[in-house]
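The values are calculated or read from the model by the stated rules, or taken from the named source; none is laboratory data. Only a predicted model underlies this, so the values are computations on that prediction, with no experimental measurement involved. Cβ placement follows ideal geometry from the backbone for every residue including glycine, while neighbour counts extend to all protein chains displayed. All accessible areas refer to the heavy atoms of the entire protein, side chains included, with ligands and DNA or RNA removed. Shrake-Rupley method; radii C 1.70, N 1.55, O 1.52, S 1.80 Å.
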Amino acid sequence: MDNIKLQEKLDRIESLLLGSKKVLTLEEACDYTGISRSYLYKLTSAGIIPHSKPNGKMIFFDIDRLNAWLLRNGRKSQGEIKNQALDYVLKKP
């Protein structure tokens, strides 16, 4: 990767960290999620990931909806499962 592309990526990451943006472009969403550009296009064209195309061309992502999509199908840790079982046993009449 050449220095110019690396600097561009660093600039985008910096703007994400400093800006607290509510809406991300496709490139910013790629940087934010770690999903490749081509795969993110596939997800949007299949309607799998929430996105917006206000002018019919550019793709935008609401960061809250993107976070919810990324965190769907969560898995509990072993500790959470044990605590839930313990709570159930202690509350049992």
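Protection proxy ranking, highest mean first, for peptides 68-81, 21-34: 21-34, 68-81, where packing is the per-residue count of other beta-carbon atoms within 10 Å, averaged.
Dividing the Cα radius of gyration of the chain by 2.2 N^0.38 Å, with N the residue count, gives 1.54. May I ask which of LYS21/LYS53; LYS5/LYS42; LYS21/LYS76; LYS53/LYS76; LYS21/LYS82; LYS9/LYS42 have a Cα-Cα span longer than 27 Å here? Flagged as over cut-off: LYS21/LYS76; LYS53/LYS76; LYS21/LYS82.
Just to confirm a number: summing +1 for Lys and Arg and -1 for Asp and Glu over residues other than GLU14 whose beta-carbon lies under 13 angstrom from that of GLU14, what do you get? Local net charge: -1. Overall, the accessible surface of the chain at a probe of 1.4 angstrom is composed of carbon and sulfur to the extent of 56 percent. If R0 equals 22 Å, the separation of the Cβ atoms of SER36 and ASP11 corresponds to a calculated FRET efficiency of about 0.70. Near ASP2: Cβ cut-off under 13 Å, other residues only, Lys/Arg at +1 and Asp/Glu at -1. The net charge is +1.
Relative contact order for the chain: 23 percent, from Cα pairs under 8 Å spaced at least 6 residues apart, divided by residue count.
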